[in-house]
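Remarks on the structure that follows.
The values are calculated or read from the model by the stated rules, or taken from the named source; none is laboratory data. None of the values given here were measured: they were computed from a predicted structure. Because the Cβ atoms are built from the backbone with ideal geometry, glycine has one as well, and the counts that use them run over all protein chains shown. Remember, those area values only see protein heavy atoms, side chains included, never the ligands or the DNA or RNA. Shrake-Rupley method; radii C 1.70, N 1.55, O 1.52, S 1.80 Å.
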Amino acid sequence: MCQMKTAFIYSDDFLKFSYGQGHPLKPFRLKLVYDLIKAYGLMSLPSMRLIRAKPAKDEDLLLFHTHDYIEVLKDADHGLDVEEAESYGLGYGDNPIFEGVYEWSKLVAGASLQAAELVDSGEAGIAFNISGGLHHGQASRASGFCYINDPVLVIKSLLKRGRRVAYIDIDVHHGDGVQQAFYYNDKVLTISIHESGRHLFPGTGSENETGADAGKGYSVNVPLPFSADDEIFAYAFDSVVPLHIEKFKPDIVVSQLGVDSFIADPLAHLNCTTNGFCKIVSRIKEISPKWVALGGGGYEITNPAKAWTLAWAIMNDIDLPDELPASFLNKYPLDGFKSGKLRDRKYILSGSEKESMLKEVERVVDKIRRTAL
Ligand SMILES: [Zn+2]
C-alpha cells in the first residue's frame, strides 16, 4: 500500500497550446480537472504538494527518442510544415504541427519526469501528472496524438536507477508505444487492458503479444470486446493485474489512467463509468509499493474532470460528496456536468450479449493466467 504523501504536477502553461480546432485532444480539459479538484478543496491538503510542471530538457527526451526525430520536432515548434514531416508521423490528422508542439511535448514529459523523481526519491508515495500518459509515441515517430512518449521516458529514467517497473495501462487504446519499447526486456512488466484492436486504433494488443527473448511473458494484453462495461473491465483487471504484480514484485508502478473507455467517449466503443474506474484506481493503489500516475485519453471533455478528481481523492484517502460544487458549475456550465453529480449512474449490461462477452474475456484471461511470467 502506498504511503500517504502525494504530489500533483500542474501548470496553467498547458493551456497555451492547441492541437487546432476540431482536434479531439484539448489541453483545456486539464484546466477543468485542476479547477474541479480545487473546488472540492483537494488542492491544499496538508498531506500533498502541488508542484509546478517544468519542461523536460532536450537530453531527457533522448532517453527514448532519436536525435533526428527530436530535431524535426524542434523545427516544427514554430507551427509551420517541416521537411520530411510525414516520415515522422507529423503534420496531418492525428498529429498536427501546431505552434509550440515541441514546447508542449517537453512540458508534458517534464511533468511526468518530475512525478517519477518525487516518487523515486521518497518525497511522495504517489505523484499524479494528469497531462501525461501519451503512450502511442514511438522512438522516431508521432502517433495517436502523442509526439513524445512520457511513460517510456519515466520508465527509462527509473531503470537507470536500477528499479523494477510495472506499467499498468487502462486507456481504451492499446499502450503500443510503451509495450514496443520494452518488448525484449524482463525488468519492465507492461500490462494493457483495452478495447480490441480489431476495430480500434492502433490495431495491436492481442493476448498473443506477450514479449520476446528475455522479455517473453513480460508483455500482457487483455483485449476487450466492443461495448464491454465496468463489470467486464473489472473482471479482466482482477484476473490478470494483481497476479502479475505479485509475481513480478515491482519497486514502482507507473499507470496510465485514460478515461476514453467511458460511455460517452467519441473515439471508442466501451461502456465504462466512474464507478468501475474508481474500483480499478483503488486496486492500483492497493497493489503499488510506490505509484507514478499519469493521465491519458478522455475526449468527452468533462469525463477527465470527474474521473481524475475521483482518482485524486482516492490517492489521498478522501471520500468526496457527489454534488458538484456550485462555484464550479457556475463557472463551467457544460453538458457533461448537467446532472450536477460527480459520479456517473451505474451502467451494467445484461442478457445474452453480455454473456458472450464474458465468455470471450474468460477465454482470453485463462490463456494469460496459464502462462503468467
Ligand atoms: Zn486512448
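Just need a number here: residues in the stretch 160-181 that are surrounded by fewer than 20 Cβ atoms within 10 Å (Cβ to Cβ) and within 24 Å of Pro242 (Cα to Cα).
The number of residues fulfilling the criteria is 4.
For the structure I just gave you, tell me whether Gly276 is assigned to a helix (DSSP H, G or I) and either more than 16 Å from the ligand (Cβ to nearest atom) or at pLDDT 95 or above (or both). Break it down into steps so the answer makes sense when it comes.
Details: assigned to a helix (DSSP H, G or I): yes; either more than 16 Å from the ligand (Cβ to nearest atom) or at pLDDT 95 or above (or both): yes.
Taking the combined requirement at face value, the residue satisfies it.
Out of (1) outside any strand (DSSP E or B); (2) open to solvent by less than 20 Å² (accessible area, probe 1.4 Å), what's the single condition that is false for Ser206?
Going through the list (1) outside any strand (DSSP E or B); (2) open to solvent by less than 20 Å² (accessible area, probe 1.4 Å), Ser206 breaks only (2).
Output the number of residues of the stretch 211-229 satisfying the condition of being within 19 Å of Lys247 (Cα to Cα) and crowded, with 19+ Cβ neighbours inside 10 Å.
7
Return the residue satisfying two criteria in turn: it lies in the stretch 292-316 and is touching a helix residue (DSSP H, G or I) at 6+ places or on another chain (Cβ under 7 Å) and of a type in the set (Phe, Trp, Tyr), and of such residues it is nearest to the ligand (Cβ to nearest atom).
Trp308
What residue, among those in the stretch 262-279 that are out of contact with any Leu (no Cβ under 9 Å at 6 or more places or on another chain) and among the small types (Gly, Ala, Ser), is least open to solvent (accessible area, probe 1.4 Å)?
Applying the filter and picking the extreme gives Gly276.
Look at the stretch 136-159 and say how many of its residues are surrounded by fewer than 24 Cβ atoms within 10 Å (Cβ to Cβ), more than 16 Å from the ligand (Cβ to nearest atom) and either touching a residue at least 60 places away in the same chain (Cβ under 8 Å) or part of a loop (DSSP other than H, G, I, E, B) (or both).
5
Quick one: which residue in Gly79, Gly100, Gly91, Gly20 is more than 30 Å from Val281 (Cα to Cα) and open to solvent by 40 Å² or more (accessible area, probe 1.4 Å)? Walk me through how you get there before you give the answer.
Values: Gly79 fails: open to solvent by 40 Å² or more (accessible area, probe 1.4 Å); Gly100 fails: open to solvent by 40 Å² or more (accessible area, probe 1.4 Å); Gly20 fails: open to solvent by 40 Å² or more (accessible area, probe 1.4 Å).
Result: Gly91 is the single residue among Gly79, Gly100, Gly91, Gly20 that is more than 30 Å from Val281 (Cα to Cα) and open to solvent by 40 Å² or more (accessible area, probe 1.4 Å).
Which of the numbered conditions does Asp265 fail, given that it passes all the others? Conditions: (1) touching a Cys at 6+ places or on another chain (Cβ under 7 Å); (2) within 15 Å of the ligand (Cβ to nearest atom).
(1)
Which of the numbered conditions does Asp171 fail, given that it passes all the others? Conditions: (1) on the phi > 0 side of the Ramachandran plot; (2) within 16 Å of the ligand (Cβ to nearest atom).
Against the list (1) on the phi > 0 side of the Ramachandran plot; (2) within 16 Å of the ligand (Cβ to nearest atom), Asp171 comes up short only on (1).
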